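Chemist: This is the structure I want to talk about, given as structure tokens.
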Amino acid sequence: MTRKKAVAEATPSRPAPPHAEPEGESEAAAHLLELYRQMQTIRRIEEECARSYAQGKIGGFLHLYIGQESVGVGALAALRPDDYVIGTYRDHGLAIAKGMPPRAVMAELYGKVTGCSRGLGGSMHLFDVAHGMLGGYGIVGGHIPLAAGTAFASKYRGDGRVTLCFFGEGSVSIGSFHEALSLAALWKLPCVFICENNEYSMGTPLQRTMSVEDVSQKALAYGMARDRFFARDVLEVEHRIREAVDRARETSEPTLVEVRTYRFRGHSMSDPGKYRTSEEIEAQKKHDPLNRARDQLKTMGKSEDELAKLDAAIEEVVRDAIEHAETSPEPGPEILEETTYSGPFAR
């Protein structure tokens, strides 16, 4: 497929294709149930993170993914297990969807040695090489070139891996965003750039930060394929991102995807969110993808009792993660050498 044809086929003006659901009604229900499980696990982990932060058990910054779960879960469902993911400081949901155990996530947030980064990274720096989670990054837009570099490495090695790079709409005005997309298009890198547009760059509304609100149009400057949609249905997110992932894997061509979403909490735990009205937030909650998935499951034959049992199992996972984090030791001086130097320190 030529780049020109890929751009034409991926423009937002085309009709949305049907969901690429698994064959068979029971298989489709099982698949959606798994996506719901991931979203609900992330939601409950994040809610407990907020509680622990308020109790002083988690320090530093804390950016919650509440409301945006369908983006990460749906997008990562389109990947192979060995594909790569790079995200921003709002990375808890991506890490869990990529396979990182909730225990490792919560322990890292608590600054404990059993965390994924030995308690030294914290909320904004969840990293798990084994699962292909190549980090959350705190510098706005600074990680996007890293994703292009990871995709370049995959193309160079010929390993068939695809890199998904997540960032907010506030990143598209940063120079590194444009540099990364320019090179990705020029070198035809297997990377999907996903803008999670939650309508507020910290506390500034979208119309005050961008002259053109359609982020996907940025792809036109680089001859890159693009897509744009609302993340109200996790199955649609999976299908639309799968198109971009397949393009990257089969033709080594990048795509810029703008996914419109909404966070129900402030930018971080220190943000009271007074720039939004309670009416606006409640109106957005009516479109909560988590509730939509639950309603879909009922339509597909899942009973309230089945869903209640799943919710109970999730609560046990969350409880276990919190207990693990609270009882794990803090990192001691014995890990300084191995976490500072790449090899034995020459004395």
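Chemist: Select from the stretch 149-169 the residues that are part of a helix (DSSP H, G or I), touching a residue at least 40 places away in the same chain (Cβ under 8 Å) and among the charged types (D, E, K, R) and write down the one among them that is farthest from ALA78 (Cα to Cα). Write out each step before concluding.
Modeler: Narrowing the stretch 149-169 to residues part of a helix (DSSP H, G or I): 149-157, 169.
Right, trim to touching a residue at least 40 places away in the same chain (Cβ under 8 Å) and you get 150-151, 154-155, 169.
Now narrow it down to the ones that are among the charged types (D, E, K, R): 155, 169.
Working: LYS155: 19, GLU169: 22 Å.
Here the residue is GLU169.
Chemist: Of the numbered conditions (1) surrounded by fewer than 19 Cβ atoms within 10 Å (Cβ to Cβ); (2) within 17 Å of the chain's Cα centre (by Cα); (3) of a type in the set (D, E, K, R), GLU179 fails exactly one; give the number of that condition.
Modeler: (2)
Chemist: On to the next question. Quick check on the stretch 61-71. Is at least one of its residues of a type in the set (Asp, Glu), surrounded by fewer than 23 Cβ atoms within 10 Å (Cβ to Cβ) and at pLDDT 95 or above?
Modeler: Within the stretch 61-71, the subset of a type in the set (Asp, Glu) is 69.
Now restrict to residues that are surrounded by fewer than 23 Cβ atoms within 10 Å (Cβ to Cβ): none.
No, because not a single residue in the stretch 61-71 is of a type in the set (Asp, Glu), surrounded by fewer than 23 Cβ atoms within 10 Å (Cβ to Cβ) and at pLDDT 95 or above.
Chemist: For the stretch 169-195, how many residues meet the condition of being in contact with a strand residue (DSSP E or B) (Cβ under 6 Å, 6 or more places away or on another chain) and either under 24 Å from HIS131 (Cα atoms) or modelled with pLDDT of 95 or more (or both)?
Modeler: So the answer is 6.
Yes/no matrix, rows are residues, columns are (1) of a type in the set (S, T, N, Q); (2) under 17 Å from the mean Cα position of the chain (by Cα); (3) surrounded by fewer than 18 Cβ atoms within 10 Å (Cβ to Cβ):
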site: TYR137; (1), (2), (3): no, yes, no
site: GLY141; (1), (2), (3): no, yes, no
site: GLY149; (1), (2), (3): no, no, yes
site: SER201; (1), (2), (3): yes, yes, no
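Chemist: A follow-up question, please. On the given criteria, is ALA221 more than 18 Å from the chain's Cα centre (by Cα), among the hydrophobic types (A, V, I, L, M, F, W, C) and more than 19 Å from HIS143 (Cα to Cα)? Give the steps one after another, and end with the answer.
Modeler: Details: more than 18 Å from the chain's Cα centre (by Cα): yes; among the hydrophobic types (A, V, I, L, M, F, W, C): yes; more than 19 Å from HIS143 (Cα to Cα): yes.
Yes; evaluated as a whole, the condition is true for this residue.
Chemist: Here is a follow-up. What number of residues in the stretch 298-347 are surrounded by 12 or more Cβ atoms within 10 Å (Cβ to Cβ) and among the basic types (Lys, Arg)?
Modeler: 3
Chemist: Among the residues of the stretch 123-133, is any in a helix (DSSP H, G or I), within 30 Å of ALA321 (Cβ to Cβ), without any contact (Cβ under 8 Å) to a residue 60 or more places away in the chain and not aliphatic (A, V, I, L, M)?
Modeler: We begin by selecting, within the stretch 123-133, every residue in a helix (DSSP H, G or I); these are 129-131.
Filter once more, keeping what is within 30 Å of ALA321 (Cβ to Cβ): 129-131.
Narrowing further to those that are without any contact (Cβ under 8 Å) to a residue 60 or more places away in the chain: 129-131.
So of that shortlist, the ones also not aliphatic (A, V, I, L, M) come out as 131.
Looking for residues that are in a helix (DSSP H, G or I), within 30 Å of ALA321 (Cβ to Cβ), without any contact (Cβ under 8 Å) to a residue 60 or more places away in the chain and not aliphatic (A, V, I, L, M), one finds at least one in the stretch 123-133, hence yes.
Chemist: In the stretch 85-99, what count of residues is obtained for those that are at negative phi and surrounded by fewer than 23 Cβ atoms within 10 Å (Cβ to Cβ)?
Modeler: The first filter runs over the stretch 85-99 and keeps only residues at negative phi, leaving 85-98.
Now drop any that are not surrounded by fewer than 23 Cβ atoms within 10 Å (Cβ to Cβ), which leaves 89.
Number of matching residues: 1.
Chemist: Can you spot a residue in the stretch 263-281 that is within 25 Å of GLU238 (Cα to Cα) and charged (D, E, K, R)?
Modeler: yes
Chemist: Let me ask another. Being surrounded by fewer than 23 Cβ atoms within 10 Å (Cβ to Cβ) and hydrophobic (A, V, I, L, M, F, W, C) is the filter; apply it to the stretch 246-284 and report the residue that is farthest from the chain's Cα centre (by Cα).
Modeler: It comes out as ALA283.
Chemist: Which condition does VAL192 not pass, out of (1) touching a helix residue (DSSP H, G or I) at 6+ places or on another chain (Cβ under 8 Å); (2) surrounded by fewer than 24 Cβ atoms within 10 Å (Cβ to Cβ); (3) among the β-branched types (Val, Ile, Thr), if it passes all the others?
Modeler: (2)
Chemist: Filter the stretch 134-148 for residues that are at negative phi and part of a loop (DSSP other than H, G, I, E, B) and give the result. Talk me through it step by step, then tell me what you get.
Modeler: The initial filter retains those residues of the stretch 134-148 that are at negative phi, namely 134, 136-140, 142-148.
TYR137, GLY138, ILE139, VAL140, GLY142, HIS143, listed by residue number.
Chemist: Would you mind stating whether TYR200 is more than 22 Å from ILE42 (Cα to Cα), in contact with a Gly (Cβ under 9 Å, 6 or more places away or on another chain) and not β-branched (Val, Ile, Thr)? If you could, list the steps in order and put the result at the bottom.
Modeler: Details: more than 22 Å from ILE42 (Cα to Cα): no; in contact with a Gly (Cβ under 9 Å, 6 or more places away or on another chain): yes; not β-branched (Val, Ile, Thr): yes.
No.
Chemist: Taking the stated definitions as given, is THR277 modelled with pLDDT under 95 and in contact with a Lys or Arg (Cβ under 7 Å, 6 or more places away or on another chain)? Before you say what the answer is, go through the steps one by one.
Modeler: Working: modelled with pLDDT under 95: yes; in contact with a Lys or Arg (Cβ under 7 Å, 6 or more places away or on another chain): no.
It is false that THR277 is modelled with pLDDT under 95 and in contact with a Lys or Arg (Cβ under 7 Å, 6 or more places away or on another chain).
Chemist: Here's a check for you: in the stretch 19-53, which residue that is polar (S, T, N, Q) and either at pLDDT below 95 or more than 19 Å from the chain's Cα centre (by Cα) (or both) is farthest from TYR262 (Cα to Cα)? Don't jump to the end; show me each part of the working.
Modeler: Pass one, the stretch 19-53, residues polar (S, T, N, Q): 26, 38, 40-41, 52.
Then keep just the ones that are either at pLDDT below 95 or more than 19 Å from the chain's Cα centre (by Cα) (or both); that gives 26, 52.
On the way: SER26: 31, SER52: 23 Å.
Result: SER26.
Chemist: Are there any pairs with C-beta distances below 8 angstrom linking a residue in the stretch 54-83 that is over 24 Å from GLU258 (Cα atoms) to a residue that is charged (D, E, K, R) and not in a loop (DSSP other than H, G, I, E, B), with the two at least 6 apart or on different chains, and if so which?
Modeler: LYS57/GLU326
Chemist: Would you be able to say whether some residue in the stretch 122-133 is on the phi > 0 side of the Ramachandran plot and modelled with pLDDT under 95? Working first, answer last.
Modeler: First pass over the stretch 122-133, keeping only residues on the phi > 0 side of the Ramachandran plot: 122, 132.
Within this subset, residues satisfying the condition of being modelled with pLDDT under 95 are 122.
Scanning the stretch 122-133, I find at least one residue that is on the phi > 0 side of the Ramachandran plot and modelled with pLDDT under 95, so the answer is yes.
Chemist: If you don't mind, there's one more thing I want to ask. Counting only residues that are among the charged types (D, E, K, R) and in contact with a strand residue (DSSP E or B) (Cβ under 9 Å, 6 or more places away or on another chain), how many does the stretch 145-168 have?
Modeler: 1
The values are calculated or read from the model by the stated rules, or taken from the named source; none is laboratory data. Since the model is a prediction, treat every value here as computed from it, not as a measurement. Backbone-built Cβ (ideal geometry, glycine too); neighbour counts: all protein chains shown.
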